[in-house]
Each structure stands twice: as C-alpha cells, then as structure tokens.
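The values are calculated or read from the model by the stated rules, or taken from the named source; none is laboratory data. Given the structure is predicted, the values throughout are model-derived calculations rather than measurements. In this analysis, Cβ positions are derived from the backbone assuming ideal geometry, glycine residues included, and neighbour counts consider all displayed protein chains.
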C-alpha cells in the first residue's frame, strides 16, 4: 500500500525532501496567519523566513571562504528555515538581535564547533541556546500549535518514512510522554489534558521528526540511535532541571549531541582518488586514499560529498556502501552509471587521480552476524553487490569460512561485478555464489548459471534448508521489496530478513 509513496520519496534526496517539508510548514503558517488561524501575521512569518534563510546563506558563504571549504547551500537553507520555525516571527526592532545573531552562531557552529569536519552540535539548537545566554532571546518553538499539528504530522511521517527512522522518533516520543505522565501524576493534574497539551502545544512532533533525526549528529548504529532517543526523551521531561535551569528541547538535544559524540564518535575525511577501473558494464570502482586509518564494519556505508557547480535537485551528497574490506588499504566504492546521469555522477565520472572528496557519517547495521556458524543467504541485485564484496573480501583476508550462499542477479554476464572475489571465496572458503541472469535473449548459449528472475523454486533448489538461514537483501529498493514479499510467502520470518538501507536512498 505504501509502494507508491516510497516511489515518490525515492525520486528526491533526504535533504531535498526536508527542504520541501520545511518550506511547506512556512507556507502553511503564512496562510494561517493570513486567515487569522494563527496569531502571527503572514507578512511577519514570510519576511522572517526569507531573512533567516538569506542570512544563513550569506554567513555560510563567508565561513566557507575563510575555511577553504565547499559551501553547502542546501544546509544553510535548512538551518535558516528551522530557525524561522522556532524563533518567534519578527514584529519589532527589539527582535532584531536574535535575527542577526542566530544565523551567525548557527553557521559558525558548522565550522568552528566541528572536529575532523564532523559536527558535534545541532547548529540551530546551539544558536538559540547561545542567544538565550548572550542576549536573553531564545526559541519560542511557535510552530507547536493546534492549527499546525496536522501539517507537522504529515511532514514528519514523510521524513520518518524517507530515512527509516520511525523507531527513533517513536521511542523519543514514548520516553518524553512517559516523563510528562509521571510529572502530571505527581502534580495531580488531569492526565488526558496533560498528554494532549504535550502533543499539541509543545514541539515534540516537530522535534522528533526534524531536529532529532539530523544525520550529521545522529549516532551511527541502531543500538546507539535508540539509546540516543531515550536519553534525549528523558532529558526533555518537564521535571528535569539543573538548579533553576529547567530542560528545554534545545538543551536536551545539545546534551544528547555531546554525550553521543563521545560514546559513538564520528568523523569526516578528505579522501584523494587513487585509482578507478571498470568492474562491470557501465560500472566503475573508485579507490580513495585516506589520510589515516579509520574503523568500519564490512557492509556499512558513508555519506560522500562531491562539491560541483550547477548541482541538480539531488544535490552534492550521496550515500555509497563501502565496497572494500577493513583489511584493505584505501576505500572502495562501486558506482553504476546510467544514461543522463545526475550532476553528481557526471562530476564523479570526470574525477582524476588526486582529486578530493569528503566522506563521513559512517553508518549501517547491514553487517555480518557475530555467530560465525549462522547460515546466511545473500541476495544482490546489480551493484547492490558492494556490501557483499566488502564482507566476503574480509572473510577471505581473515581466512574465516562461513556457511553462505549468495545469489547475484544481473541482466547480462557483462553486468556481473567483482566475480573474481566471489569465485576466489568459493575456492578457498566454500562460499558459493549462484549467478542469475535475467535478460534471456542475451544469455550466452554456454551459460551454466541460473536464468530468469530469482524465484521460490530457485531458492528451494539451491538452499533446501532456507528456513534456517538469515537472508541479506541488497539492491534497488523495488527489488528488495519484491524479495521481501517473496521470502515472506515462503514462510521466512521477518526477523530472518535484513535489508540494506541508508538515508536518502534514491
């Protein structure tokens, strides 16, 4: 039922969707101001948003020039819009200081409060905390109102669906509402009214779907993300205070940012292109040199930033799974190119040895199980084979046999990537790869692998005891969804199906 929604969301990146959602919030708020539904005049809402976005853009350009860094315009737009939705719209000259200082401090945080190019704090949250301390002006979170609730709920659902972070948002909400419930009970208030006010008149929904899930400050694995949500939910409780200072959403978020920066450290790296080569038809492998070694688990991914002029609507950032093993020098990614590529891939295709990209935000739970005896089935569609290349190369280098069968599905023989690694693993470790070709008219007459689309019969014949295996699915999202349904129809438990997903998949 959600297939059409996923198709729609996958046409744009996470950052672009967030931009549209925040713009929609401002537009609806201005409309409500025009009709009198909100107490803020439409002109005030609109002018405030335009000013803060323009100020963030300008300050960002200045800092980027000073730090010799690429300016990420969309990041500045997003911060400006968030500030516009949490700082009371401009009305008098007394409001001017926060409108000047908030964008300056937010953009400064992106450059000054960053270690190894990795943000520590949410820029918008840090800005309003600092303005509160310095000039006595802070966030009102005016977007938290009954008229705005439906649009914030819809936008929040779209964002959570896009980045697959429903659990994080819901766990935060559950923790925060539980704290509110205990507060209400201890103060003998009407529980229903207290919870209703918490949902409608406080920024919980906006905070949980927009602020909490910011990728650059989010911990890298599911375990840490859920703990992060619980921690910030607890800290945002109405009874939490330090002396006379009571918790606010921004203080709770900054505390969580700092705590989990220490517990689950993340970094960004400037990488230089060392080598590029064809690994299949229209598929290139790029090998980058890192200035220092950093740890990752086979199967994880990174956000790759490639600054270029005239970026299209999909922007300058992409998520690519690391195709190399932690045992190999350098970092490898495999990239499939199609006709009429995006501006990002067009720029990538023209990289020369020594050119630089920025990689960071290592993430992902699509990794090998700790139990080496657990039976596994890998299902790869096209270039979705990259996480399996990372895992299997790691097992080869560590000489670790595991009970794995892999199905590698491609259109033609020429589309098969990394066959050398998989064939070597079959010889040395007994990790068997079943190659499946789907473009029947172009299958060679001497082909000994499987023909047609992977189906239940193929799986049953190649892996008779498949019910005891854990299935790993990686490839185009439509393919992954189809195989999830196929495995479910075969009686495979949902807990035995792992899918490769990263934010902004499109």
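Data table
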| quantity | calculated |
| --- | --- |
| Any hit, the range 271-291, residues being out of contact with any strand residue (DSSP E or B) (no Cβ under 6 Å at 6 or more places or on another chain) and at pLDDT below 90 | yes |
| Test set (1) under 25 Å from residue 225 (Cβ atoms); (2) surrounded by 15 or more Cβ atoms within 10 Å (Cβ to Cβ) - residue 295 fails condition number | (2) |
| Failed condition for residue 132, given (1) in contact with a helix residue (DSSP H, G or I) (Cβ under 6 Å, 6 or more places away or on another chain); (2) in a helix (DSSP H, G or I); (3) free of Cβ contacts under 8 Å to residues at least 60 places away in the same chain | (1) |
| Hey, residue 220 within 21 Å of the chain's Cα centre (by Cα), more than 18 Å from residue 126 (Cα to Cα) and in a loop (DSSP other than H, G, I, E, B) or not | yes |
| Matching residues in the range 157-182 - criterion: being at pLDDT below 85 and assigned to a helix (DSSP H, G or I) | 163 |
| For residue 239: the one exception among (1) touching a helix residue (DSSP H, G or I) at 6+ places or on another chain (Cβ under 6 Å); (2) modelled with pLDDT of 85 or more; (3) surrounded by fewer than 17 Cβ atoms within 10 Å (Cβ to Cβ) | (2) |
| Unmet criterion (only one of (1) surrounded by 15 or more Cβ atoms within 10 Å (Cβ to Cβ); (2) part of a helix (DSSP H, G or I)) for residue 4 | (1) |
| Matching entry among 103, 89, 97, 150 (being surrounded by fewer than 18 Cβ atoms within 10 Å (Cβ to Cβ), in the same structural domain as residue 247 (by TED's automatic domain parsing) and either assigned to a strand (DSSP E or B) or in contact with a helix residue (DSSP H, G or I) (Cβ under 6 Å, 6 or more places away or on another chain) (or both)) | 97 |
| Residue 349 vs. criteria over 13 Å from residue 302 (Cα atoms) and within 22 Å of the chain's Cα centre (by Cα) | no |
| Cross-chain or 6+ apart pairs with Cβ under 7 Å, the range 191-217 first and in contact (Cβ under 8 Å) with a residue 12 or more places away in the chain, then loosely packed, with under 15 Cβ neighbours inside 10 Å and part of a loop (DSSP other than H, G, I, E, B) | 200/146 |
